[in-house]
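Only one structure is covered here, and it is reproduced in the block below.
No value in this document is a laboratory result; all are computed from the given coordinates. What you are looking at is a predicted structure, and each value in this text was computed from that prediction instead of being measured. Cβ atoms come from the backbone with ideal geometry, glycine included; neighbour counts cover every protein chain shown.
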Amino acid sequence: MPETAELRVSEAVELAHPLISRLAEREGIRILFVKGPTAVALGARPPRPSSDVDVLCEPGGMERLGAALASCGWRRRAPEGANKHLVHASQYLFEHSTHYIHDDWPCDLDLHYKFPGFLAPDEIVFDTLWARRAHVAVASVPVPAADQLGQVAVVGLHALRDSGSGLLAADLGLLQAALAELSPEAKADLGRLTAATGSSETLRPLLERAHVPVATGLWNDPEALRRWRVRTASSAIPTSSWLIELRATRWPRRPALVWHALFLPRDVLLSAHVGEGPDWRRVARLQAARWLRAARSLPRGLKAASRADRELP
Amino acid sequence: MTDPTWRDGWHRAPDVVFVDDGERVVLLNLRDPREGRPRLLAGPAATVWRAIERSNLIEDVLETVAGQFGVPTHQISIDVEAFLRALEGEGLVYRRPRVRP
């Protein structure tokens, strides 16, 4: 007789796609899957296991989709994360999603209400991607996803935002190779898509290398672009956000901020390590590894923080 | 052929999604997502699930399972019938009268 399955990560990630798709359909909410298995299927990301499911939700739909997920046992992960202490630096963090977890599902659901790097208004970005959506088979059924060029834009922005990661550098390498193979018509189409979504400038390093025409669109907010550039320049430096915040914080408040920077809450620390037990040794090891990374990157972090402040309007 | 297990054809329920890595199959019934718990099929159970995709006739399903595990069909027919009825009880498969050519 069938028994209840203890899901593996890969199974959870795949099955969560049609689950979310069904819940969204029932609630009348438009969603698009981005990154993960759908991007791999469309050739916009190298094949590798995912540990989370990325969903772009239409503006105004997040609350209802979150409630539908909660009715199935999913709950928000670490709603009060460490970022609440980053007031000034938050402009460079591009908060963009809410994470959901479930005791029986070893994967995160990452519900995006926006995607950093698209500088057009959220409604326009979603509608543009929705109008050209694809359906990709995941866990035996088709689910709505950004089409190939939409995935290229999303994966490209994600990789450029945190380009210090080796995996994301591999993503950029694959995208460059894939873009080189595109027909002139497809390249022009990508140019129009990036112009419509305000990502021509943010994706410029990728587009130029692949000889994709960089079209100027309506959405060229210089301040948004400046923040994006500060973020991409400092993303590989673990301490930069805290140091940017520290520089903007009055002296009496600095000791408390340093304390929060040094001692992340346990759930926040574990949130990046799905499936690992919360025993104190594990937490201590993660904390120590974080301090080591911070110490190594401190000089570069100080430079990045100073540069960000100098570039303030 | 009066037993409905034999008289009818077996089909996967349309609300069921699944992942099959060749070793095991995990099913999820989305008819009521709040109630749906992933169900695991391995070994002959997974073979039955795969077999009803190719043919909805129980004799074909029995032949597939028997062939794969090297046993005569009459030795496994009771177990396979019971298994299909259990899947039916969970809403994972359903029966429909066979369409004869």
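Taking the 0 to 90 degree range and rounding to the nearest ten, how far is the long axis of helix B:44-54 tilted relative to the main principal axis of chain B, both from C-alpha atoms? With both axes taken from Cα atoms, the answer is about 80 degrees. Rounded if a/c is under 1.5, else prolate if a/b beats b/c, else oblate: with a ≥ b ≥ c from the C-alpha gyration tensor eigenvalues square-rooted, which is the range A:181-231? Cα axes put the range A:181-231 in the oblate bin. Working note: Karplus 6.51/-1.76/1.60 with θ = phi - 60° gives the range A:104-116 the couplings 9, 10, x, 8, 9, 9, 10, 8, 8, 9, 7, 10, x Hz, where Gly and Pro are set to x. Each 10 Å bin from zero up to the one holding the largest Cα-Cα distance in the range A:180-308 carries the following percent of pairs: 11, 27, 24, 22, 14, 2.
Look at the stretch B:84-92: the mean tally of other chain Cβ atoms within 10 Å of its residues' Cβ atoms is 1. With all pairs of different C-alpha atoms in the average, the Kirkwood value for the hydrodynamic radius of the protein assembly as shown is 24.0 Å.
Measuring spread by the Cα atoms of the range B:1-59 yields a radius of gyration and Dmax of 12.8, 39 Å.
In degrees between 0 and 90, to the nearest 10, how far off the longest principal axis of chain B does helix B:58-69 point, with axes built from Cα atoms? Its long axis makes an angle of about 90 degrees. Centre-to-centre separation between the Cα atoms of the range B:3-36 and those of the range A:95-159: 28 Å. Per-residue Karplus couplings for the range A:174-181, computed as 6.51 cos²θ - 1.76 cosθ + 1.60 with θ equal to phi - 60°, are listed in order as 5, 4, 4, 5, 5, 5, 4, 7 Hz, Gly and Pro entered as x.
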